[in-house]
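Visitor: Just dropping this structure here.
The values are calculated or read from the model by the stated rules, or taken from the named source; none is laboratory data. Worth saying up front: this structure is predicted, and the values here are computed from it rather than measured. Virtual Cβ from ideal backbone geometry, glycine too; neighbours counted across all protein chains shown. These accessible areas exclude ligands, DNA and RNA; they are computed on the full protein's heavy atoms, side chains included. Shrake-Rupley method; radii C 1.70, N 1.55, O 1.52, S 1.80 Å.
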Amino acid sequence: MANVYTETLNRLIEEFGKLPGIGPKSAERLAFHILKVQPAEALGLADAIRDLKNKTRRCEICNNLSEQPICQICSDPRRDKSLLCVVEQPKDLVSLEKTGACKWVYHVLGGHIAPLEGVEPEHLTIDKLVERVRQGNIKEVIMATNPNIAGDGTALYISSLLRTTSVKITILARGLSAGSTIEYASGKILTDAIIGRQQLE
Ligand SMILES: [Zn+2]
């Protein structure tokens, strides 16, 4: 088939097609939409993408997404900094925050330990987490890794490292069904899991 589109249109279709959940038809539809709208609207999208990539960084304390050296949660004086909740990804933090039940601070690991995928403990922010706990101001570490094999394994690995400290280690209660993820759990189930968290032995 002859190439019916211009080079630039083809390029945009190709870029949209790389996005998750966007098939070839949708990519084409989005590209034609961009072609149709006013330049200011289309360039607004381009600017938003550029700004996101240029301005987003990691919080120096907790590794959460931030535009400042220290994120909004770590800077919030109303947070109880003696409670530290450990999550795999910033998306998990967002799901927990939406429940409104969390007044603690976080530590974002950047994933879970998965040797078969080449993810070893040193690829995550575990060293930094242990260092934070060793500083001695944290009373409880709440493990909110995903309730599946990789998440549980990561939580157990971390708790074994923290055993030499006097910190209390808890894990979210299992109203969260095994094998599920924090990101897609409902607010009600997450809230129950937060309230019913149990000591990790
Ligand atoms: Zn932070």
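Visitor: Name the most mobile residue of GLU14, GLU122, GLU131, meaning the one with the largest mean-square fluctuation, in a Gaussian network model of the chain with Cα contacts below 10 Å.
Guide: Result: GLU14 has the largest fluctuation of those listed.
Visitor: Just to confirm the number: angle between the C-alpha axis of helix 7-17 and the first principal axis of the chain, 0 to 90 degrees, nearest 10?
Guide: Compared with the principal axis, the helix lies near 30 degrees.
Visitor: Another question, if that's okay. Let me check I've understood the local charge: for LYS103, count other residues with C-beta under 15 angstrom from its C-beta, Lys and Arg +1, Asp and Glu -1. What total comes out?
Guide: +2
Visitor: Something else: Report, for the chain, the % of DSSP beta bridges that are antiparallel, rounded to 5.
Guide: 30
Visitor: At a Förster distance of 30 Å, what's the computed FRET efficiency of LEU52 paired with GLU117, Cβ-Cβ distance as r, to 0.05?
Guide: The computed FRET efficiency comes out at 0.70.
Visitor: Place the peptides 150-157, 162-169 in order of packing, highest mean first, counting for every residue the other Cβ atoms within 10 Å and averaging per peptide.
Guide: In descending order of packing, they fall as 150-157, 162-169.
Visitor: Residue separation times 0.36 nm, minus the C-alpha to C-alpha distance between LYS36 and ALA101: what's the value?
Guide: Stretched fully, the LYS36-ALA101 segment lengthens by 19.0 nm.
Visitor: Taking a label point 7 Å from the Cα of THR165 along the Cα→Cβ vector, which residues of segment 51-72 have an amide N closer than 17 Å to it?
Guide: Only 60-64 pass the distance filter.
Visitor: Just to confirm a number: summing +1 for Lys and Arg and -1 for Asp and Glu over residues other than ILE182 whose beta-carbon lies under 10 angstrom from that of ILE182, what do you get?
Guide: -2
Visitor: Let me make sure I get this right: for segment 73-201, a, b and c are the square roots of the gyration tensor eigenvalues over alpha carbons, sorted descending. Under 1.5 in a/c it's rounded, otherwise prolate if a/b > b/c, else oblate. Which is it?
Guide: rounded
Visitor: Report in % the part of the accessible area of segment 1-136 that belongs to carbon and sulfur, leaving out ligands and nucleic acids; probe 1.4 Å.
Guide: Accessible surface attributable to carbon and sulfur in segment 1-136 totals 56 percent.
Visitor: Right, another one. On full extension of the chain, what length is gained from ALA173 through VAL94, given 0.36 nm per residue of separation minus the C-alpha to C-alpha distance?
Guide: Between ALA173 and VAL94, full extension yields 26.6 nm more.
Visitor: Please give the helix 149-162 orientation as an angle from the longest Cα principal axis of the chain, in degrees from 0 to 90, rounded to the nearest 10.
Guide: Once rounded, the angle reads 40 degrees.
Visitor: Based on the Cβ-Cβ distance of SER82 and ASN148, what FRET efficiency does E = 1/(1 + (r/R0)^6) give at R0 = 41 Å, to the nearest 0.05?
Guide: The value I calculate is 0.90.
Visitor: Using 0.36 nm times the number of residues separating LEU9 and SER26, minus their current alpha carbon distance, what extension gain do you get?
Guide: Here the segment from LEU9 to SER26 would lengthen by 4.8 nm.
Visitor: If you don't mind, another one. Using a probe radius of 1.4 Å on heavy atoms only, what accessible surface per residue do you get for the chain? Whole Å² is fine.
Guide: On a per-residue basis, 61 Å².
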